[in-house]
Amino acid sequence: MLIAEVVSDRDGDVFTIPPSASLETASKLLGKNRIGVLVVCDRWGKLVGILSERDVVRALSERGLPVMSESVESAMTRKVETCSPLDEVEDVVGRMNRHGFRHMPVVEVGEVVTVVSIRDLSKVLVENRARDCGTSQAWNPLRWRMPVMIAR
């Protein structure tokens, strides 16, 4: 299955922020929109980084509350892995797992068209596996949690 098939129903909204914006502004944007990542673009719209919730938390833990007045550029990830709509889902999941990140911008003709998450891709893989096995189990993230072991 291709990434294009996973994102075909999206409206194309990509949440972006300039590198000069404050981490406070970025945090508010993340929280207000209930998203885990912002694409950082320069004034020409070129991808220059990505800022995740983890990046913000890491900056806070290392430098304290005053970091919120610092720029997005001070905490963003600069080496951004991207994928194409024509990439296979399994390949993208493998890259995300190898590098330890949960979000990846989808780039087409040099422009970020959307962002996929490991959750988006896991859902598709589980549904495809269920279909291939002839079961009708729909994606339910609660079903896939590890059981809690209680010591007696």
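The length gained by stretching the chain between K32 and V109 to full extension, at 0.36 nm per residue less their Cα-Cα distance, is 24.8 nm. Which residues does a label at D9 reach in region 34-55, if reach means a backbone N under 20 Å from a point 7 Å past the Cα toward the Cβ? Those under the cut-off are 34-36. Taking other C-beta atoms within 10 Å as the exposure proxy, F101, F15 rank F15, F101 from fewest upward.
Using Cβ contacts closer than 10 Å as the measure, can you line up D42, D13, D87 from fewest to most?
Going from sparsest to densest Cβ surroundings: D13, D42, D87.
Considering only alpha-carbon pairs that sit under 8 angstrom and 6 or more positions apart, the relative contact order computed for region 77-127 is 32 percent. Other residues with beta-carbon under 13 Å from the beta-carbon of D91 carry, at +1 per Lys or Arg and -1 per Asp or Glu, a net charge of -2. 3J(HN,Hα) along region 58-66, derived from phi through the Karplus expression 6.51 cos²θ - 1.76 cosθ + 1.60 where θ = phi - 60°, amounts to 4, 4, 4, 5, 7, 10, x, 4, x Hz, with x in place of Gly and Pro. Looking at region 4-121, the pairs of alpha carbons with a distance over 19 Å make up 45% of the total. How would you classify region 73-115 from its alpha-carbon gyration tensor, with a ≥ b ≥ c the square roots of the eigenvalues: rounded for a/c under 1.5, else prolate if a/b is greater than b/c, otherwise oblate? Here region 73-115 falls in the oblate category. Per-residue Cβ neighbour counts within 10 Å put I50, I17 in the sequence I17, I50, beginning with the fewest.
A short reminder: the numbers here are calculations on the coordinates, not readings from a lab. These figures come from a predicted structure and were not determined experimentally. Using ideal geometry, Cβ is built from the backbone for each residue, glycine included, and neighbour counts are taken over all protein chains shown.
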